[in-house]
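Just below is one structure, and these are the notes that go with it.
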Amino acid sequence: MVHTIKETITETVNDHVTASTNTKTKAVLNQAVADLSVAASIVHQVHWYMRGSGFLYLHPKMDELMDSLNGHLDVISERLITIGGEPFSTLVEFSSNSGLTETTGTFDKSMTDQIQLLVDTYKYLSVLFQVGLDITDEEGDAPSNDIFTAAKSEIDKTVWMLTAELGKEPGLK
Ligand SMILES: [Fe+2]
């Protein structure tokens, strides 16, 4: 079917409107790229530096947590590329754009302190993914919304499991 000039212009304008209405979605996806990368680094540090009771099951548990974070990272990065964005991809970009803060590893932290660091990290991710849900809802990006739903569901479950290990309530709304 041959389009009239008016139809073609209208389509082009609509395309541009669509492209310009997902700016915040792209930004929050990239925020998640930075934060998930740093979160995986924090979990890796806990994996290496933990000492104390529970080591034999907590040490391998960190491998599971890293695999899960890296899985979310890949899905989110590729969604960002799919909608025309450019994911952060260097350690410097991850670190300088993340809201998470890393500290040098030490062997003198108690197991409780190590698990609490994970709880704090995962609670941050939970809030981040809620922001992602709100923005993708506002901008009408259902696939990205689904990705944040899946990620938040799993991160919230991990907060529950880690806080249970500490004998505490999850403390999520
Ligand atoms: Fe290892």
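The values are calculated or read from the model by the stated rules, or taken from the named source; none is laboratory data. Given the structure is predicted, the values throughout are model-derived calculations rather than measurements. Accessible surface areas use protein heavy atoms only, side chains included; no ligands, DNA or RNA. Shrake-Rupley method; radii C 1.70, N 1.55, O 1.52, S 1.80 Å.
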Ordering ARG79, ARG51 by accessible area with a probe of 1.4 Å, largest first, what comes out? ARG51, ARG79
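Could you sort PHE55, PHE88 by their accessible area in this structure, using a 1.4 Å probe and putting the largest first?
Sorted descending by solvent-accessible area, the residues read PHE55, PHE88.
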Keeping every protein chain present and rolling a 1.4 Å probe, give me the accessible area per residue for the chain in Å². 57
For the chain, what is the relative contact order in percent, using Cα pairs closer than 8 Å and at least 6 residues apart in sequence? 28
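Averaged over every viewing direction, what's the projected area of the C-alpha convex hull for region 24-173? Give it in nm², one decimal, please.
With every direction weighted equally, the projected area is 8.5 nm².
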Measure off, as a whole percent, the carbon and sulfur share of the 1.4 Å-probe accessible area of the chain, all protein chains present. 58
